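Asker: I have a structure I would like to understand better, so I am pasting it below and will then ask my questions one at a time.
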């Protein structure tokens, strides 16, 4: 094969061989990167679902706050001061309980989706390292550095 007819890949292979770089199972590397991309897409989907869930939960919080605001506007105190104070306290307690519950649920959802996305990514990283190492070990047996 003449220098003019050599492909770029052949030139790179020859350069790597001259440097003593171990051969790489290219098909394995391509497969590894395909799996990495799939894991990345799965992570994005999990994160996206988490964001959608968070937006839904925040909308529920706003709706709850709106209902509480309407109830407070429509509250027409009547009766003795003890009853009025008891009703106001009950309304405030319900609003606070709802806010705390929504906040806890939101934090749980964020934590769960983050943990799931992190697990997908970290599992794929571990697998990817093992696959890359295996591709070098498989192809590397026939390559010796030139001295």
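Asker: On a 0 to 90° scale, report how tilted helix 26-74 is relative to the longest principal axis of the chain, with both axes built from alpha carbons and the result rounded to the nearest 10.
Answerer: 10 degrees
Asker: Which value in deg cm²/dmol, rounded to the nearest 500, describes the helix-derived mean residue ellipticity at 222 nm for the chain, given -39,500 (n - 2.57) per DSSP H run of n ≥ 4 and division by the residue count?
Answerer: Values: 3 runs with 121 residues, N = 147.
Mean residue ellipticity at 222 nm (helix-derived): -30500 deg cm²/dmol.
Asker: Follow-up. Restricting to Cα atoms and excluding each atom paired with itself, what does the Kirkwood estimate give for the chain in Å? Could the numbers behind the result be given before it?
Answerer: Numbers: mean 1/r = 0.0471 Å⁻¹.
So the Kirkwood estimate lands at 21.2 Å.
Asker: For a quick size check, give me the Cα extents of the stretch 15-62 along its three principal axes, largest first, whole Å.
Answerer: 67, 17, 10
Asker: Any chance you could give the angle, 0 to 90 degrees and rounded to 10, that helix 8-19 forms with the longest Cα principal axis of the chain?
Answerer: Taking the Cα atoms of the chain, the angle to 8-19 is about 80 degrees.
Asker: Next question. Determine the relative contact order of the chain: mean sequence separation of Cα pairs under 8 Å and six or more apart, normalised by residue count, in whole percent. The partial results should precede the final answer.
Answerer: Values: 94 pairs, mean separation 84.3, N = 147.
Value for the chain: 57 percent.
Rule-based calculations on the coordinates, nothing more; no lab input. Not measured: the values here are computed from a predicted model.
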